[in-house]
Amino acid sequence: MTLTEILRGRRVVFFGGKGGVGKTTLSSATALALARAGQRVLVVSTDPAHNLGHLWERPVGDTEVALWKGVGTGRVVGTELDPGRVAREHLDAVAGTVKGLMPEHLHREVDRYFELARQSPGTQEAALLEKMSTTVLEASERFDVVVLDTAPTGHTARLLELPTLMSAWTEGLLSRRQRTERFSDALRGLDGQRRGGRGRSAQEVRDGEIRRVLERRQRLFGDMRRLLTDAAATAFVMVLTAERMPVQETLALHGQLRATGVDPAALVVNRRSPLDAGEFLARRHEAEGGHLRVLADGLPQVPLVELPLLSGEVTGLEAVGRFADLLA
Ligand SMILES: Nc1ncnc2c1ncn2[C@@H]1O[C@H](COP(=O)(O)OP(=O)(O)OP(=O)(O)O)[C@@H](O)[C@H]1O
Ligand SMILES: [Mg+2]
């Protein structure tokens, strides 16, 4: 089965794997292969070291850039999410909301808190996940397929775990707020201070606002989790090379993904040494075969696609096009 056959009908496709295995190349080539078949495709890079721009030989940034257009509806559009910038923007927005809810004399305190938060590990991941979620959910209205070129291995699995973690956290906060609200309602009742139609206090307005923000995030993460774990809509493709360590890491990643409710759709073994290009590469091909048997034994149910080692780097539309030929 070819990769495009495996991915048929999916609306979101993730490419994950170690650094340098070919995630960016595969994301773009897959996007092109799908666009050639008439699909509108958005390719999103979330890797801090972006190279979508390098690959397509044109600048790609945080706005959407047209990368390829077919005769019909098919097209490839690209965008890059810079985790550092996403985190900064996210924290600035949150700090703004919090300040709006706090008296002025506490604003310096709020700034100090967010300065610390900026540096805490996890903030970038959380901000990036939120941005990825809004990007994917919003883009899936305008595109047939969203392809995600994600950061190296462990990171990706953590990103996929976050919807569950964050949503549990948000739910916790909401139910605590609900309890306090019920408590103050009860107190007001005792006091005989029923407000009825007489408008809400500043505290109640603030509470309502906080609740709305929390509920919006809860919906966002819920939607994202549903999408990620819907195997008919979302495919997670693990990219690797046919060597001992990458195989071991892929087996571990598969376990992590399964634990988060994601069922990987395919394994792509990239840079497979050719058999017919001299004795040296033929011997490598043989050794790779041994590693791939370990992989296939460990994950017999996951379809495996092999892509050959090419003589040159994959840069420019023509090269991406040739790579896309290998996938269709
Ligand atoms: N089958 C192949 N044959 C030869 N070169 C390849 C092949 N696949 C990818 N490459 C080259 O290998 C390099 C790394 O590929 P790519 O940038 O796609 O990997 P990546 O997984 O996105 O890396 P990173 O983790 O750094 O983002 C690139 O120079 C690319 O052109
Ligand atoms: Mg890359």
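Residue-level analysis places residue 297 outside the set of residues that are within 23 Å of residue 6 (Cα to Cα), open to solvent by 30 Å² or more (accessible area, probe 1.4 Å) and not in a helix (DSSP H, G or I).
Taken over the stretch 94-108, the criterion of being surrounded by 11 or more Cβ atoms within 10 Å (Cβ to Cβ) and either part of a helix (DSSP H, G or I) or among the charged types (D, E, K, R) (or both) is satisfied by 94, 95, 96, 97, 98, 99, 106, 107. Summed over the stretch 223-273, the residues that are within 25 Å of residue 131 (Cβ to Cβ), touching an Asp or Glu at 6+ places or on another chain (Cβ under 8 Å) and assigned to a strand (DSSP E or B) give a count of 1. For first residues located in the stretch 15-37 and touching a residue at least 40 places away in the same chain (Cβ under 8 Å) and of a type in the set (D, E, K, R), partners that are more than 9 Å from ligand 1 (Cβ to nearest atom) and open to solvent by 10 Å² or more (accessible area, probe 1.4 Å) and lie 6+ apart or on another chain with Cβ distances below 8 Å form the pairs 18/153; 18/246; 18/249; 36/70; 36/328.
One residue stands out among those in the stretch 300-321 that are part of a helix (DSSP H, G or I) and free of Cβ contacts under 8 Å to residues at least 12 places away in the same chain: the one that is nearest to ligand 2 (Cβ to nearest atom), which is 319. The residue list 137, 160 contains one member that is within 21 Å of residue 257 (Cα to Cα), modelled with pLDDT of 70 or more and not aromatic (Phe, Trp, Tyr), which is 137. Evaluate the stretch 253-272: report whether one residue or more is over 26 Å from residue 12 (Cβ atoms) and either within 15 Å of ligand 1 (Cβ to nearest atom) or surrounded by fewer than 16 Cβ atoms within 10 Å (Cβ to Cβ) (or both). Checked against the condition, which is being over 26 Å from residue 12 (Cβ atoms) and either within 15 Å of ligand 1 (Cβ to nearest atom) or surrounded by fewer than 16 Cβ atoms within 10 Å (Cβ to Cβ) (or both), the stretch 253-272 yields at least one hit. Taken as a whole, the structure leaves residue 29 outside the set of residues that are more than 16 Å from the chain's Cα centre (by Cα) and away from ligand 1 (no atom under 12 Å from the Cβ).
Has the stretch 25-43 got any residue that is more than 21 Å from residue 323 (Cα to Cα) and open to solvent by 20 Å² or more (accessible area, probe 1.4 Å)? Checked the stretch 25-43: no residue is more than 21 Å from residue 323 (Cα to Cα) and open to solvent by 20 Å² or more (accessible area, probe 1.4 Å).
crowded, with 21+ Cβ neighbours inside 10 Å, away from ligand 2 (no atom under 16 Å from the Cβ) and modelled with pLDDT of 95 or more - does that describe any residue in the stretch 77-88? Yes, the stretch 77-88 contains a residue that is crowded, with 21+ Cβ neighbours inside 10 Å, away from ligand 2 (no atom under 16 Å from the Cβ) and modelled with pLDDT of 95 or more. Suppose the filter is more than 30 Å from residue 116 (Cβ to Cβ), open to solvent by less than 40 Å² (accessible area, probe 1.4 Å) and either under 20 Å from the mean Cα position of the chain (by Cα) or within 16 Å of ligand 1 (Cβ to nearest atom) (or both); does residue 91 pass it? So residue 91 does not fit the description; no.
In the stretch 88-141, how many residues are free of Cβ contacts under 8 Å to residues at least 24 places away in the same chain and either on the phi > 0 side of the Ramachandran plot or in contact with a Leu (Cβ under 7 Å, 6 or more places away or on another chain) (or both)? Count: 2.
Among the numbered conditions (1) over 22 Å from residue 307 (Cα atoms); (2) assigned to a helix (DSSP H, G or I), the only one that residue 54 does not meet is (1).
When you check residue 47 against the structure, is it within 16 Å of ligand 1 (Cβ to nearest atom) and either touching a residue at least 12 places away in the same chain (Cβ under 8 Å) or surrounded by 13 or more Cβ atoms within 10 Å (Cβ to Cβ) (or both), yes or no? Here the answer is yes, as residue 47 does meet what is asked. Of the residues making up the stretch 217-252, just one is closer than 21 Å to residue 295 by Cβ, surrounded by fewer than 17 Cβ atoms within 10 Å (Cβ to Cβ) and within 18 Å of the chain's Cα centre (by Cα), namely 231.
For the stretch 13-24, filtering for residues that are more than 10 Å from ligand 2 (Cβ to nearest atom) and buried (at least 24 other Cβ atoms within 10 Å of the Cβ) leaves 3.
The values are calculated or read from the model by the stated rules, or taken from the named source; none is laboratory data. This is a predicted model, so every value here is computed, not measured. Cβ: placed from backbone, ideal geometry, glycine included. Neighbour counts: every protein chain shown. Surface areas here come from the heavy atoms of the whole protein model, side chains and all, with no ligands, DNA or RNA. Shrake-Rupley method; radii C 1.70, N 1.55, O 1.52, S 1.80 Å.
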